[in-house]
Amino acid sequence: MVPGYREVRQLGAGHTGRVFLATYQATGAYVAIKYLNATLRRDTEFMDRFRVDAPSLVELDDPNVVQLYEYVETPTRAAVVMELVDGVSLRTILTEHGRTSPEAALAVLKSTLSALAAAHEKGVPHRDVKPENVLVQADGTSKLTDFGVVVHAEEPGVPAGSPPYMSPELWTRGEAGPAADLYAAACLLFETVKGRPPYKAEDVPSLRDKHLVEPVPLEVAPDSLRDLLRRGLAKDPAVRYASALQFAAELEEDAVAAYGPDWEKRGRRHLGELATLLALRFPLASTDDAPTATLGAVRDRRISVPRLPPHLWIAGAAVVAVLIAVVLSGGLGPAGTVLMPQPKTSEPLDSSPVDDKTPVRRTSETSRPTARTATTAPVPPATVSSAPVTVSSAPAPTTSRQPAGTLPSPAVRSADIVQWTGSAGAVRVAADGRGPVRLRITYTRRDGDGQARTVHRETRTLTGQTAYTDSVARDLGSVGCGQQAHFGLLLLTEPAAANGPQVSEVTVDGPPCPTPSASRPTAGPPTPEPATPTPSQPPVALPSDSPRSGTPAFVTPNPDVSVSDDSLTSDELTSDEPASGEPVEEPAG
């Protein structure tokens, strides 16, 4: 146990250690704690290098980087305390969806290059850029994690790193610098858009030869990405981009030329769709099982991304956090080396209040902290300000409406699924202005333990009020006898709601199958099987606190809502191009 933190549960485990969800006891803020495994701790070269890099990593403050708060080392344990990103890894998205659109792949690469540029400026290479170390949030933004945490491959003579993403100079000379990071980033781009790394082989020696001599497989890549891949995957480091910033600048130029100025917005939207379909795997996802009387055989399961302070949602959508996979044994012994960030004395402190959910990096009050050894007692956590948070009251809902397009888009304070029965329900939106708010509604179906698939998508534009309640309805099909299906509803808004995307899923049981008669039936026409009932679409009763206090007891469609019906055809569901309609597995609640 790291002093000052309380562990909640394990999030994952992998080659480098184990990751736990924890809370900072002084504020209750969520963090992720990674315990490095014994293999890394026995690697003298790694430990010496990581101790040198740790102070720079603690001070690395970039929105595209998973922030490192603290590194703690004792004679028997080593732990990294870092920001918790509430999302899933790019590896999880690629495993479930296969690949992404070119715009989404470019958006991931742009974020990764920005993270690398910030680290390279401090003289710290990443050393292991790969999909497992890119975390995608519900709003489509991504963060790079695990700087410097890299293990040797199991093959003898193979340098530390992940073979599918290792540059030629890393294979031959063990040079794991910025140029090698850019090569790995280009591999990441190729795999994100194609669903596989640029080179594949049955064994490590064959894979090494392909990285050293085989031409870059540009013929299978989209035309718009070929120039980026040709230079990013160059065998000679001198031919590659001179820096991550240069790579990012050419990426932006090529992306705008190929996909227009809004390419990044579309790319992040696609990533957000793919990540939200996996919302049940987010570290902070919670389920509240509440039986309902609707449809008799329906069990309602509501899933909501937790409500966190609005500034924790990058671009107004997803919360912060981390899922890195990792392995280790045992607990933490007496406190040892603690590395903490340098105070920024040259800049005035931000006077805005700090809420009790934001992790605060520990800083020294007078001088740059250095590694210090505690022999008898753990270092106490720094005092954290408990200033109250000022919350401005939203304007009261009104009934007057103004034409769409005449008002700017407001900030969306909340978006909620009021009720979802599997075929009908209602959604509620609250905003701080009367400008247009766009709803993006997705209906999904998962049969038994199979993968979920998108059945229907639609968009709606709300305008003229500050609070809205609209009905949703969709027949997602019947359920066979003795079978079970899960009908889901996903709700996102543009601008993104402060409470993030909302997901609700219900489980529907089919009718019991007829049992065979114990005796031989008499002659006569066969008795037909009972028809499989289809979930009905009853009116949805609104709670008493509905923003429309003057409306009837049941919801009717909003007359000032424009609806775009994006039902998916069978051709779209089987298209080679990936979309949110491709099958995706959601874990059971």
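Count of segment 187-197 residues, restricted to those that are in contact (Cβ under 8 Å) with a residue 60 or more places away in the chain and not acidic (Asp, Glu), is 6.
Somewhere in segment 198-217, is a residue of a type in the set (S, T, N, Q) and in contact (Cβ under 8 Å) with a residue 40 or more places away in the chain? There is no residue in segment 198-217 that is of a type in the set (S, T, N, Q) and in contact (Cβ under 8 Å) with a residue 40 or more places away in the chain.
Those strands (runs of 3 or more DSSP E) of segment 82-148 in which 2 or more residues are out of contact with any Phe, Trp or Tyr (no Cβ under 9 Å at 6 or more places or on another chain), of a type in the set (A, V, I, L, M, F, W, C) and buried (at least 24 other Cβ atoms within 10 Å of the Cβ) occupy 134-137.
Looking at Val8, Val80, Val58, just one residue is of a type outside the set (S, T, N, Q), free of Cβ contacts under 8 Å to residues at least 24 places away in the same chain and on the phi < 0 side of the Ramachandran plot, and that residue is Val8. For segment 236-265, the set of residues classified as under 20 Å from the mean Cα position of the chain (by Cα), surrounded by 17 or more Cβ atoms within 10 Å (Cβ to Cβ) and not aromatic (Phe, Trp, Tyr) consists of Glu264 only.
Reported count of residues in segment 160-170, each being part of a loop (DSSP other than H, G, I, E, B) and surrounded by fewer than 21 Cβ atoms within 10 Å (Cβ to Cβ), is 1.
Residues of segment 45-74 that are within 19 Å of Ala115 (Cα to Cα), in contact with a Gly (Cβ under 8 Å, 6 or more places away or on another chain) and either in a loop (DSSP other than H, G, I, E, B) or not hydrophobic (A, V, I, L, M, F, W, C) (or both): Asp53, Ser56. Considering segment 477-508 alone, what residues qualify as being more than 19 Å from the chain's Cα centre (by Cα) and not in a strand (DSSP E or B)? Passing the criteria: Gly477, Ser478, Val479, Gly480, Cys481, Gly482, Gln483. Here is the figure for segment 218-252: residues that are part of a loop (DSSP other than H, G, I, E, B) and of a type in the set (Phe, Trp, Tyr) total 1. Looking across segment 1-19 at every residue that is in a strand (DSSP E or B) and under 18 Å from Arg41 (Cα atoms), the one that is modelled with the lowest pLDDT is identified as Ala13.
With the requirement that a residue be of a type in the set (A, V, I, L, M), in a helix (DSSP H, G or I) and under 21 Å from Lys122 (Cα atoms), what does segment 171-211 give you?
Ala179, Ala180, Leu182, Ala184, Ala185
Taking the criterion of being farther than 18 Å from Pro501 by Cα, surrounded by fewer than 20 Cβ atoms within 10 Å (Cβ to Cβ) and out of contact with any Asp or Glu (no Cβ under 8 Å at 6 or more places or on another chain), the residues of segment 433-473 that qualify are Gly433, Asp447, Gly448, Asp449, Val455, Ala473.
Of the set (1) within 14 Å of Leu277 (Cα to Cα); (2) outside any strand (DSSP E or B), all apply to Tyr443 but (2). The set of residues in segment 443-474 that are over 25 Å from the mean Cα position of the chain (by Cα) and aliphatic (A, V, I, L, M) comprises Leu462, Ala467, Val472, Ala473.
The values are calculated or read from the model by the stated rules, or taken from the named source; none is laboratory data. Computed from a prediction, not measured in an experiment: that's the story for all the values here. Here the Cβ is made from the backbone with ideal geometry for all residues, glycine too, and neighbour counts use every protein chain on show.
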